[in-house]
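First the structure, in the form of structure tokens, and then the observations on it.
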Amino acid sequence: MSSVDRTQHQAIHTLYTDHHGWLCGWLRARLGCFEHAADLAQDTFIRVLLLRKAPELREPRAYLSSIARSLMIDMFRRRALEQAYLETLAALPEALDISPETRLQVIETLLEIDQLLDGLGGRTREIFLLAQLDGLSYVQIGRQLNLSVNTVKKHAARALMHCLLATEE
């Protein structure tokens, strides 16, 4: 192990031992659940390991809480998507029930779509969803949002370009 690797390893070890307990408490206060807090704390430190930032941290608690907050938002977003999906699924007739594997694939696909659309501005995302999910024409979207058809077309083109670029990555 090189001296740089040893220094990195020691810095991460110190960061973990000095701040893991605090981070668990911070997360528990926000989540109200020890198990979820412990899981997110571990995920936070895994993210730190992957980013290799420990030796250069000036404000470790601010850094850790920022990562943890982002992971918490992802967790809440995933739960909301799963809940919406399960509610929709529960409303389907019994004959259309699907397997747990298919359900997981659908949820993962919805999460990928959500992340893909996350990079769009609010209005652009709304226009894209109205066109793609609700099947509205640009004229109908323009009327509904009180926008010109030209503006709707520009937003739709921006959304499609964003999706194409994101899928190529």
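Applying the selection to the stretch 114-151, what residues are surrounded by 12 or more Cβ atoms within 10 Å (Cβ to Cβ) and either modelled with pLDDT under 80 or among the acidic types (Asp, Glu) (or both)?
Within the stretch 114-151, Asp114, Gln115, Leu116, Leu117, Gly119, Glu126 qualify.
Here is a yes/no grid of residues against (1) modelled with pLDDT of 90 or more; (2) surrounded by 15 or more Cβ atoms within 10 Å (Cβ to Cβ):
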{"site": "His19", "(1), (2)": "yes, yes"}
{"site": "Gly25", "(1), (2)": "yes, no"}
{"site": "Thr44", "(1), (2)": "yes, yes"}
{"site": "Pro55", "(1), (2)": "no, no"}
{"site": "Arg58", "(1), (2)": "no, no"}
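For the list (1) out of contact with any Ser or Thr (no Cβ under 8 Å at 6 or more places or on another chain); (2) crowded, with 16+ Cβ neighbours inside 10 Å, I need the number of the one condition that Ala68 fails.
Unmet for Ala68, out of (1) out of contact with any Ser or Thr (no Cβ under 8 Å at 6 or more places or on another chain); (2) crowded, with 16+ Cβ neighbours inside 10 Å: (1).
The values are calculated or read from the model by the stated rules, or taken from the named source; none is laboratory data. Remember, predicted model here, so these are calculated numbers, not experimental data. Heads up, the Cβs are rebuilt from the backbone with ideal geometry, glycines too, and the neighbour counts pull from every protein chain shown.
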